[in-house]
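Trainee: First the structure, which I've put down as structure tokens, then a few questions once you've had a look.
Read-outs throughout are calculated quantities, based only on the coordinates presented, and are distinct from any laboratory measurement. Keep in mind it's a predicted model, so treat the numbers as computed, not measured. No Cβ is skipped: glycine too gets one built from the backbone with ideal geometry, and neighbour counts run over all protein chains shown.
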Amino acid sequence: MKVAIVHEWLVTRAGSEKVVEEILGLYPDADLFTLICALPPGQDNMIRGRRVTTSFLQHLWGARTRHRAFMPLMPMAIEQFDVSGYDLVISSSHAVAKGVITGPNQVHVSYIHSPMRYAWDLQHTYLAESGLTRGLRSALARILLHYLRIWDMRTANGPDRMVANSAYIARRIAKVYRREAEVVFPPVDIAAMPFSAEREDFYLAASRMTPYKRMALIVGAFARMPDRKLVVIGDGPELPLVRRIAASAANIEVLGYQDDARLRDCMRRAKAFVFAAEEDFGIMPVEAQACGAPVIAFGRGGALETVAGPESGRPTGLFFDRQSEEAIVAAVRRFEGEAARFTPQACRANAERFSREAFRARFKTIVDEEMARAAAGRPNSA
């Protein structure tokens with residue numbers, strides 16, 4: 001059986017790339033297709049010794065460092081991949097990968113990290129954060145997003161089976177594409193997470209520092225609580241803003257980018273992990289729980305599926321209902337009043353539901369079912 005794996009771009013080893021890495025582990029002889037491949041040294045183990053096919057975007061000036069600027073060309077670029085010689089095509093899609101063209105005698109299973117966020121329900125947030133709310137550039141961006149939605153909807157009929165990374169994303173898929181999707185949670189390397197039953201007196205916030213992650217919001221909240229220490233890890237366009245907010249707060253330590261070992265060490269020791277983003281799934285809160293840290297999270301999106309709230313028998317965290325400094329301050333105070341309920345052992349046990357082994361077993365079962373259905377000449381299940 002010949003297998004092709006298709007992913008939008010490989011420029012860093014983040015959550016979606018870790019999913020691709022696990023799928024490559026399931027199908028070690030698969031060929032990899034990606035629009036742009038520019039993984040930095042140390043993050044490129046997944047492609048070493050493997051056949052990787054890139055698109056014409058790979059050769060355009062600036063594409064490797066500013067790949068998102070080439071989004072208008074990506075639908076056409078993904079359609080140029082010739083995967084006609086493969087029996088099984090697996091796409092890992094958060095933008096355009098699901099649009100790869102396959103034929104009636106091929107099986108296409110698409111793992112959907114999310115429908116294009118910026119083209120659908122987060123369009124207005126994206127335009128506001130990009131400074132595109134008015135003027136000619138705003139009009140051009142809105143026209144582009146309009147055509148991206150048309151293309152995205154048309155190509156939603158391509159995959160034989162859709163898999164969502166959370167029930168939250170399955171609902172978005174149903175809303176946008178009118179298709180059912182089975183849930184397979186992304187893999188988390190639980191075994192690599194150092195567990196400790198001992199906690200130290202500091203909170204931890206760690207994430208890519210982009211606007212929707214709301215890291216500045218967390219820092220602003222702790223600036224209002226000078227008696228509670230916060231350690232902040234991450235890099236990205238909002239790092240200067242985070243540093244400015246933290247500059248006058250002696251209780252906040254901004255470390256910037258740290259490697260996995262330092263990040264996990266902080267998770268192993270932190271009193272709790274604070275998370276303010278509305279994520280599709282959110283691997284960081286799971287990793288924190290694997291290290292024994294409870295989670296204080298915004299109560300929307302994937303966090304509701306990965307964190308056991310106070311109403312459960314063995315809670316691993318609690319939620320705040322608004323993305324505001326006031327709500328975070330109140331949640332931290334509530335957490336401290338109930339801290340004895342959140343045990344490191346319960347956090348670790350909850351995190352084990354999202355192991356790499358669980359992902360591989362469930363995903364392979366779905367692919368095998370679809371291959372058997374195709375072999376028997378039956379229509380797909382979606």
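Trainee: Highest mean first, what order results for 242-255, 19-32 on Cβ atoms within 10 Å?
Mentor: Details: 242-255: 16.3, 19-32: 17.8.
Going from most to least packed, we get 19-32, 242-255.
Trainee: Residue 302's amide H: which non-local residues (gap 5+, or another chain) put their own amide H closer than 5 Å, with H modeled 1.01 Å from N in plane and none for Pro or chain starts?
Mentor: Under 5 Å from the amide H of residue 302 lie the amide H atoms of 279, 280, 281, each far enough along the sequence or on another chain.
Trainee: Order these peptides, 199-205, 368-374, by their mean beta-carbon neighbour count within 10 angstrom, highest first. Can you show the working numbers first?
Mentor: Values: 199-205: 19.1, 368-374: 15.1.
Sorting 199-205, 368-374 by mean packing, highest first, produces 199-205, 368-374.
Trainee: Mind checking which lysines have their C-alpha under 23 Å from residue 364, skipping anything on the same chain fewer than 8 residues away?
Mentor: In chain and number order, the partners are 2, 18, 98.
Trainee: Angle check, please: helix 15-26 long axis (alpha carbons) against the longest principal axis of the chain (alpha carbons), in degrees 0 to 90, nearest 10.
Mentor: 50
Trainee: Which of the following values of mean projected area of the Cα convex hull in nm² was calculated from the structure shown: [x] 19.2; [y] 16.8; [z] 21.1?
Mentor: [x]
Trainee: To continue, here is another question. Of the options 285, 319, 295, report the single residue whose Cα projects farthest towards the positive end of the charge dipole of the chain (beta-carbon charges: Lys, Arg +1; Asp, Glu -1).
Mentor: Farthest along the dipole direction, towards plus: 319.
Trainee: Could you give me the ³J(HN,Hα) list for the range 64-75, computed from phi with Karplus coefficients 6.51, -1.76, 1.60 and θ = phi - 60°, whole Hz, x at Gly and Pro?
Mentor: Once θ is set to phi - 60°, the couplings for the range 64-75 become 6, 9, 10, 4, 5, 5, 9, 3, x, 8, 5, x Hz.
Trainee: Amide H neighbours of residue 258 under 5 Å, counting only residues 5+ apart in sequence or on other chains, H built in-plane at 1.01 Å?
Mentor: Amide H neighbours of residue 258: 234.
Trainee: Per residue of the range 209-215, in order, report the coupling 6.51 cos²θ - 1.76 cosθ + 1.60 (Karplus, θ = phi - 60°) as ³J(HN,Hα) in whole Hz, putting x for Gly and Pro.
Mentor: 8, 10, x, 6, 6, 6, 5
Trainee: Using Cα pairs under 8 angstrom and six or more residues apart, how large is the relative contact order of the chain, in percent?
Mentor: Answer for the chain is 13 percent.
Trainee: Using just the helices of the chain, give the 222 nm mean residue ellipticity in deg cm²/dmol: DSSP H runs with n ≥ 4 each add -39,500 (n - 2.57), and the total is spread over all residues, rounded to 500. Present the calculation step by step, with values, prior to reporting the outcome.
Mentor: Values: 13 runs with 136 residues, N = 382.
So the calculated ellipticity at 222 nm is -10500 deg cm²/dmol.
Trainee: How would the range 210-315 be classified by its alpha-carbon gyration tensor: rounded, prolate or oblate, with rounded meaning a/c under 1.5 and the a/b versus b/c comparison settling the rest? Working shown, then result.
Mentor: Numbers: a/c = 1.56, a/b = 1.51, b/c = 1.03.
Prolate is the answer for the range 210-315, as a/c is 1.5 or above and a/b outweighs b/c.
Trainee: Could you tell me how far the Cα centroid of the range 222-266 sits from the Cα centroid of the range 23-68, in Å?
Mentor: Distance between centres, Cα-based: 32 Å.
Trainee: Two decimals, Cα atoms only, Kirkwood Rh: what is Rg/Rh over the range 291-334?
Mentor: Details: Rg = 10.2 Å, Rh = 10.7 Å.
In the range 291-334, Rg relative to Rh is 0.95.
Trainee: Something else about it: Classify the range 130-226 from the C-alpha gyration tensor, please: rounded if a/c falls under 1.5, else prolate or oblate depending on whether a/b exceeds b/c. It would help to have the intermediate numbers written out before the result.
Mentor: On the way: a/c = 3.55, a/b = 1.34, b/c = 2.65.
Because a/c hits 1.5 or more and a/b fails to exceed b/c, the range 130-226 counts as oblate.
Trainee: Could you calculate the contour length gain from residue 339 to residue 202, that is, 0.36 nm times the residue separation minus the distance between their Cα atoms, to one decimal place in nm?
Mentor: Details: separation 137, 0.36 × 137 = 49.32 nm, distance 1.33 nm.
Fully extending the segment from residue 339 to residue 202 adds 48.0 nm.
Trainee: Right, another one. From the backbone phi of the range 92-98, what are the Karplus-calculated ³J(HN,Hα) couplings (6.51 cos²θ - 1.76 cosθ + 1.60, θ = phi - 60°) in whole Hz, Gly and Pro given as x?
Mentor: With coefficients 6.51, -1.76 and 1.60, one gets 10, 10, 10, 8, 10, 4, 5 Hz.
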